[in-house]
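The values are calculated or read from the model by the stated rules, or taken from the named source; none is laboratory data. Being a predicted model, the structure only gives us computed values, none of them experimental. SASA here: full protein model, heavy atoms, side chains in, ligands and nucleic acids out. Shrake-Rupley method; radii C 1.70, N 1.55, O 1.52, S 1.80 Å.
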Amino acid sequence: SVLMTTVKNKNDTLLDEINAREGTVLVFARTQSRTDRVAKFLLSYGVDAGRIHGGRSQAQRVNALESFRAGKIRVLVATDIAA
(Lines give C-alpha, C1' and ligand atoms only; values in the text may rest on other atoms or scores of the structure.)
Protein backbone atom coordinates (compact mmCIF):
# COMPACT_ATOMS: atom_id res chain seq x y z
CA SER A 1 0.00 0.00 0.00
CA VAL A 2 1.01 3.60 -0.47
CA LEU A 3 0.54 6.25 2.18
CA MET A 4 0.89 9.95 1.62
CA THR A 5 2.79 11.78 4.34
CA THR A 6 5.10 14.71 4.87
CA VAL A 7 8.85 14.53 5.43
CA LYS A 8 8.27 15.67 9.00
CA ASN A 9 5.81 12.84 9.72
CA LYS A 10 7.49 10.09 7.70
CA ASN A 11 9.07 8.21 10.62
CA ASP A 12 5.97 8.45 12.80
CA THR A 13 3.76 7.22 9.96
CA LEU A 14 6.10 4.28 9.39
CA LEU A 15 6.07 3.40 13.09
CA ASP A 16 2.26 3.54 13.16
CA GLU A 17 2.05 1.24 10.13
CA ILE A 18 4.50 -1.26 11.62
CA ASN A 19 2.61 -1.31 14.92
CA ALA A 20 -0.69 -1.84 13.08
CA ARG A 21 0.60 -4.96 11.31
CA GLU A 22 1.53 -8.45 12.39
CA GLY A 23 4.56 -10.41 11.24
CA THR A 24 7.68 -9.22 9.53
CA VAL A 25 8.00 -6.03 7.53
CA LEU A 26 10.48 -5.09 4.79
CA VAL A 27 11.14 -1.34 4.43
CA PHE A 28 13.01 0.17 1.51
CA ALA A 29 14.95 3.42 1.83
CA ARG A 30 16.59 5.46 -0.91
CA THR A 31 20.04 5.94 0.64
CA GLN A 32 22.42 4.15 2.98
CA SER A 33 22.23 6.97 5.52
CA ARG A 34 18.42 6.96 5.45
CA THR A 35 18.49 3.19 5.99
CA ASP A 36 20.66 3.69 9.07
CA ARG A 37 18.47 6.52 10.42
CA VAL A 38 15.23 4.57 9.96
CA ALA A 39 16.65 1.47 11.67
CA LYS A 40 17.98 3.59 14.55
CA PHE A 41 14.61 5.33 14.91
CA LEU A 42 12.74 2.02 15.01
CA LEU A 43 15.18 0.56 17.55
CA SER A 44 14.68 3.61 19.77
CA TYR A 45 10.96 2.73 19.93
CA GLY A 46 11.60 -0.91 20.76
CA VAL A 47 11.07 -2.35 17.29
CA ASP A 48 13.58 -5.11 16.49
CA ALA A 49 15.08 -3.84 13.24
CA GLY A 50 18.07 -4.71 11.10
CA ARG A 51 19.53 -3.02 8.06
CA ILE A 52 21.28 -3.96 4.85
CA HIS A 53 22.95 -1.71 2.32
CA GLY A 54 26.11 -1.53 0.27
CA GLY A 55 28.07 0.18 3.04
CA ARG A 56 27.73 -2.79 5.40
CA SER A 57 30.13 -5.71 5.29
CA GLN A 58 29.01 -8.93 3.65
CA ALA A 59 28.94 -10.61 7.07
CA GLN A 60 26.71 -7.85 8.47
CA ARG A 61 24.32 -8.11 5.53
CA VAL A 62 24.13 -11.90 5.77
CA ASN A 63 23.58 -11.74 9.53
CA ALA A 64 20.75 -9.21 9.16
CA LEU A 65 19.08 -11.21 6.42
CA GLU A 66 19.35 -14.49 8.35
CA SER A 67 17.98 -12.82 11.50
CA PHE A 68 15.04 -11.50 9.48
CA ARG A 69 14.31 -14.88 7.92
CA ALA A 70 14.54 -16.61 11.31
CA GLY A 71 12.17 -14.10 12.91
CA LYS A 72 14.79 -12.71 15.30
CA ILE A 73 14.15 -9.22 13.96
CA ARG A 74 10.76 -8.00 12.87
CA VAL A 75 11.76 -5.24 10.44
CA LEU A 76 14.48 -5.23 7.82
CA VAL A 77 15.38 -1.81 6.37
CA ALA A 78 17.22 -1.98 3.05
CA THR A 79 18.25 0.15 0.15
CA ASP A 80 16.70 -0.85 -3.14
CA ILE A 81 20.16 -1.81 -4.43
CA ALA A 82 20.64 -4.19 -1.50
CA ALA A 83 17.29 -5.76 -2.27
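So what is the relative contact order of segment 3-65, in percent, for Cα pairs below 8 Å that sit 6 or more residues apart?
It rounds to 22 percent for segment 3-65.
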Under the rule of at least 5 residues apart or a separate chain, name every residue whose amide H is placed under 5 Å from the amide H of ILE52. VAL77, ALA78, THR79
Karplus couplings for segment 48-54 from phi (6.51 cos²θ - 1.76 cosθ + 1.60, θ = phi - 60°), rounded to Hz, Gly and Pro as x? 5, 9, x, 9, 9, 6, x
What lysines sit close enough to LYS72 to cross-link, taking a C-alpha to C-alpha distance under 26 Å and skipping anything fewer than 8 places away on the same chain? LYS10, LYS40
Which percent of the accessible area of segment 9-70 is formed by carbon and sulfur heavy atoms (probe 1.4 angstrom)? 46
Expected vector for segment 12-17, Karplus 3J(HN,Hα) from phi with 6.51, -1.76, 1.60 and θ = phi - 60°, integer Hz, x for Gly and Pro, equals 5, 5, 4, 4, 4, 5
Using the Cα atoms of the chain to build a convex hull, what is its mean projected area in square nanometres? 5.3
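Provide the gained length on full extension for the span GLU22 to THR6, in nm with one decimal, where the gain is 0.36 nm per separating residue minus the Cα-Cα distance. Kindly include the intermediate steps, with their values, before the conclusion.
Numbers: separation 16, 0.36 × 16 = 5.76 nm, distance 2.46 nm.
Computed gain between GLU22 and THR6 is 3.3 nm.
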